[in-house]
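Heads up, the thing below is written out as structure tokens.
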């Protein structure tokens, strides 16, 4: 069942990789993909690294929301639905980081 607890982190890293790839930031995209390997390393440093990366990823999503809302508003296009969807991505990414604080995952990552 630990695998199910790690699924949001893997999905969040995959979304970040796709985001960076679409922005043309191949090194960050590859780094996001490579960090998925840390899920399989049962060490405390791996869990802390994943938590930090996921929180930074959530901040990147917030920055993206701000930029895209401004672009859409300047173009006279609606932005609320896009902001709500990406807001959910922010919450899932932060939730994935928070899951590393649960007792089940803290036991796995000693």
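The values are calculated or read from the model by the stated rules, or taken from the named source; none is laboratory data. Quick caveat: nothing in here was measured; it's all calculated off a predicted structure. Every residue, glycine among them, receives a Cβ derived from its backbone with ideal geometry; neighbour counts consider all protein chains shown.
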Among the numbered criteria (1) touching a helix residue (DSSP H, G or I) at 6+ places or on another chain (Cβ under 7 Å); (2) in a helix (DSSP H, G or I); (3) modelled with pLDDT under 95, which single criterion is violated by residue 3? (1)
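Considering 58, 9, 83, 37, which residue is touching a helix residue (DSSP H, G or I) at 6+ places or on another chain (Cβ under 6 Å) and surrounded by fewer than 18 Cβ atoms within 10 Å (Cβ to Cβ)?
On the way: 58 fails: surrounded by fewer than 18 Cβ atoms within 10 Å (Cβ to Cβ); 9 fails: surrounded by fewer than 18 Cβ atoms within 10 Å (Cβ to Cβ); 37 fails: touching a helix residue (DSSP H, G or I) at 6+ places or on another chain (Cβ under 6 Å).
Sole residue among the options that is touching a helix residue (DSSP H, G or I) at 6+ places or on another chain (Cβ under 6 Å) and surrounded by fewer than 18 Cβ atoms within 10 Å (Cβ to Cβ): 83.
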Residues of the stretch 12-30 satisfying the condition of being surrounded by 15 or more Cβ atoms within 10 Å (Cβ to Cβ) and either in contact with a helix residue (DSSP H, G or I) (Cβ under 6 Å, 6 or more places away or on another chain) or over 20 Å from residue 98 (Cβ atoms) (or both): 12, 13, 16, 17, 19, 20, 21, 28, 29
